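**Q** My questions will all concern the structure given below.
Nothing in this text is a laboratory measurement; each read-out follows from the coordinates by a stated rule. Since this is a predicted model, take the numbers as computed values, not measurements. Virtual Cβ from ideal backbone geometry, glycine too; neighbours counted across all protein chains shown.
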Amino acid sequence: MAEPSDRIGSETVASAEKGKMTLFRDDRQEDWGAILVAIIVIAIIVVMTR
Amino acid sequence: MNAESERGFVQKLLSAAPGLALIVITLVVLRLWVEPWMATSVVFGQKGWLVNSMHLNYILLGIIAGMLYRNLLFGGKLPAIFADGFRLSRLLIKTGIILLGSLYTVQAIVKLGAMAIFLIGGFVVLSIVMVLWLSRFFKMDRSMTAVLANACGICGVSAAVATAPAVEAKASHVAYAIATILGFGIVTMFVSPFVGHALGLTDLQYGAWIGTGILNSGQVLAAALAFNPKVAPGTAVSVGEIWNIMRVISIPFAVFAVTVWYWAGESKRQGAAAQKTLGTLLVEKFPVFVLGFLVMVLLTSIGAFGDVGIKGGPPASDTIKMLRLWMTWIFGFGLVGLGGYIDFKELAQAGGAPLKVGLIVGVTKYVLALIVVLAIKDYLIEI
C-alpha cells in the first residue's frame with residue numbers, strides 16, 4: 001500500500017496548517033471560541049426579547 | 001514558525017469575512033428561495049416531489065453546495081480568499097451544539113443517562129474491539145490500528161487527531177483513518193434520511209439510530225437535520241445530538257484505553273516515557289465545548305430563558321423560540337462550511353487494509369445500531 005504522505009494533499013485535515021479545518025491553534029482553543037460566540041449570541045437574543 | 005501562524009487572530013477573523021459571506025449568501029438563497037420553490041414546483045406530475053419524495057431540504061442542499069464549491073467550481077481547492085471563512089465551520093457547529101443545550105433539562109438527561117451510557121458505551125467498545133481484532137487478519141500497523149479504532153469508535157476526526165500523538169501515528173495514518181470514516185460518513189449522511197423515512201422511523205428512533213451508528217459528529221448533525229430540519233425538544237437533532245455528546249465525552253477514556261493497548265504490544269524501550277495517565281489525558285483532551293453545553297442545560301433547567309415548550313407544558317418563551325431559530329441558521333452555516341471541506345481527492349487516499357477494516361466496522365455499527373434501536377423502540381426514553 002503506498003503511503004499517502006508521498007502524494008499531493010496527503011498532509012490533509014489534521015497535520016499541516018494549510019490543511020487544517022480550523023482558524024484556531026488547536027481544538028481546545030476552538031472550543032473556547034465556540035463558548036465565547038455562544039455567550040455573545042445568547043446575550044444578543046436575551047436583549048432582543050426582553 | 002511560518003507566516004501563517006504569525007498572523008494575529010483578529011487578522012485571521014478579518015480574512016474569514018469573504019468565505020463567511022459566501023457561506024451566508026449560499027444558505028440564505030437555499031433556505032429562503034430554493035427550498036420554498038422546491039416545495040411548490042411540480043416534478044414527475046407531483047407538486048413538491050423534491051421535498052416530499054426526495055426529502056431534499058436546505059441542509060442537504062447546503063452541504064451539497066459546499067461540496068460543489070470545492071470540488072467543481074474551485075477545482076479541488078478552496079481559493080485563499082474563501083479558505084479562512086470555511087475554516088470557521090467547526091466553530092459554528094460547536095457553537096450550535098452549545099446552544100442546543102436549551103432543548104434539554106437536567107432531569108431529562110438524568111432520565112436518559114443509563115440507557116445512553118449503556119448503548120453508546122457498548123457501541124464504542126464494540127467498534128474499538130472489532131478494529132483491534134480485524135487488524136490482526138489484515139496485518140495492519142499498530143499505530144494505524146489505534147488511530148482507526150478510535151476514529152471508528154467515537155467521533156471520527158477529533159478522536160483520530162487526539163489519538164495520533166499518543167500512539168506514534170504518522171500524518172499518513174491520520175489521513176487514512178479520516179479519509180475512510182469521512183468517506184463512509186458521507187454515504188450514511190445522505191442515505192440515512194431516506195432509510196429513516198422509508199422505515200417510518202419517529203424522530204426519537206431515528207435520532208437514537210444515527211447518534212449511535214454514524215461515525216462523525218458533523219455528519220450526525222447533518223443526517224438529523226436532513227431528516228427533520230426542525231430544532232425543538234424531541235426532534236431528530238435533539239435526540240441524535242445528546243447521544244452524540246455522550247460519545248464525544250468518551251474521547252479521553254478511549255484514547256487512554258487504546259494507548260494502553262498500543263504500548264502493551266510495543267517494546268518497553270519507549271513505553272514508560274511516552275504513555276500518559278488518564279488524568280493527563282482528561283485535562284488535555286476533554287472537549288471543553290461540552291462544558292458550555294452542560295451550562296446551557298443547567299441554565300435552561302432553572303428557567304433562565306423562560307419556558308422551554310416541552311410537550312404538555314406551557315409554550316416556549318420568545319427567547320427560547322429565537323434561540324432555536326438562530327440555531328438552525330448557525331448549524332446551516334456550519335454545514336455549508338463542512339461541505340466545503342469534503343475533498344474528493346483526499347477521500348481517494350483511503351485504501352488498502354484501513355479502508356476494508358473501516359468499512360466492515362462502520363457498516364456493522366450502522367446496521368447493528370438500527371437493529372438495536374428497532375428492537376428497543378418501546379423502551380427508548382423521550383426527552
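**Q** Provide the net charge surrounding B:ILE109, with neighbours chosen by a C-beta distance below 15 Å and charges set as Lys +1, Arg +1, Asp -1, Glu -1.
**A** Details: positive: B:LYS111, B:ARG247; negative: B:GLU241, B:GLU382.
So the environment of B:ILE109 carries a net charge of 0.
**Q** Whole-Hz ³J(HN,Hα) for each residue in region A:38-49, computed from phi via Karplus 6.51 cos²θ - 1.76 cosθ + 1.60 with θ = phi - 60°, x for glycine and proline: what do you get?
**A** 4, 4, 5, 4, 4, 4, 4, 5, 4, 5, 5, 9
**Q** Only helical DSSP H runs with n ≥ 4 go in: add -39500 (n - 2.57) per run for chain B, normalise by residue count and round the 222 nm mean residue ellipticity to 500 deg cm²/dmol.
**A** Values: 21 runs with 274 residues, N = 383.
Rounded to the nearest 500, it is -22500 deg cm²/dmol.
**Q** Using a basic spin-label model with each label point 7 Å from the Cα along Cα→Cβ, how many nm lie between B:ALA375 and A:LEU36?
**A** Placing both labels 7 Å along Cα→Cβ, they lie 4.7 nm apart.
**Q** What percent do you get for the relative contact order of chain B when only Cα pairs under 8 Å and 6+ apart count?
**A** Worked out over chain B, it gives 29 percent.
**Q** Between the helical axis of B:203-213 and the dominant principal axis of chain B, each derived from Cα atoms, what acute angle in degrees is found, rounded to the nearest 10?
**A** Approximately 20 degrees, to the nearest ten.
**Q** Relative to the first principal axis of the alpha-carbon coordinates of chain B, what is the inclination of helix B:251-265, with its axis defined by its Cα atoms, in degrees from 0 to 90 and to the nearest 10?
**A** 20 degrees
**Q** Can you pull the one-decimal nm distance between simple spin-label points at B:VAL125 and B:ALA21, each 7 Å off the Cα toward Cβ?
**A** Distance between label points: 5.4 nm.
**Q** How high is the FRET efficiency between B:LEU13 and B:GLU168 when r is their beta carbon distance and R₀ equals 41 Å, given to the nearest 0.05?
**A** Here the calculated transfer efficiency is 0.70.
**Q** So, in Å, what gap is there between the alpha-carbon centers of region B:186-236 and region B:318-375?
**A** Rounded to whole Å, the Cα centres lie 9 Å apart.
**Q** Further question: Give, as a single signed number, the net charge of other residues whose beta carbon lies under 13 Å from the beta carbon of B:ILE154, with Lys and Arg counted +1 and Asp and Glu -1.
**A** Details: positive: B:ARG247, B:LYS285, B:LYS365; negative: none.
After counting each charged neighbour, the total is +3.
**Q** Go ahead and run the numbers for FRET between B:ALA80 and B:THR364, Cβ-Cβ distance against an R0 of 41 Å, rounding to 0.05. Mind dumping the intermediate values first?
**A** On the way: r = 41 Å, r/R0 = 1.00.
According to the calculation, E is roughly 0.50.
**Q** Using Cα atoms only, what is the angle between the long axis of helix B:9-29 and the major principal axis of chain B, expressed in degrees (0 to 90) to the nearest 10?
**A** 50 degrees
**Q** Could I ask something else about it? What does the net charge come to around B:LEU325 if you take all other residues with beta carbon closer than 12 Å to its beta carbon, with K and R at +1 and D and E at -1?
**A** Once positives and negatives cancel, what remains is +3.
**Q** B:LYS47 to B:THR277: FRET efficiency via 1/(1 + (r/R0)^6), r the Cβ-Cβ distance, R0 60 Å, to the nearest 0.05?
**A** Calculated transfer efficiency: 0.45.
**Q** Let me ask something else about it. Based on Cβ point charges of +1 for Lys and Arg and -1 for Asp and Glu, what charge dipole magnitude is obtained for chain B about its Cα centre, in debye rounded to the nearest 20? Could you put the intermediate results ahead of the total?
**A** Details: 27 positive and 16 negative charges, 102 e Å.
Roughly 500 debye, rounded to the nearest 20.
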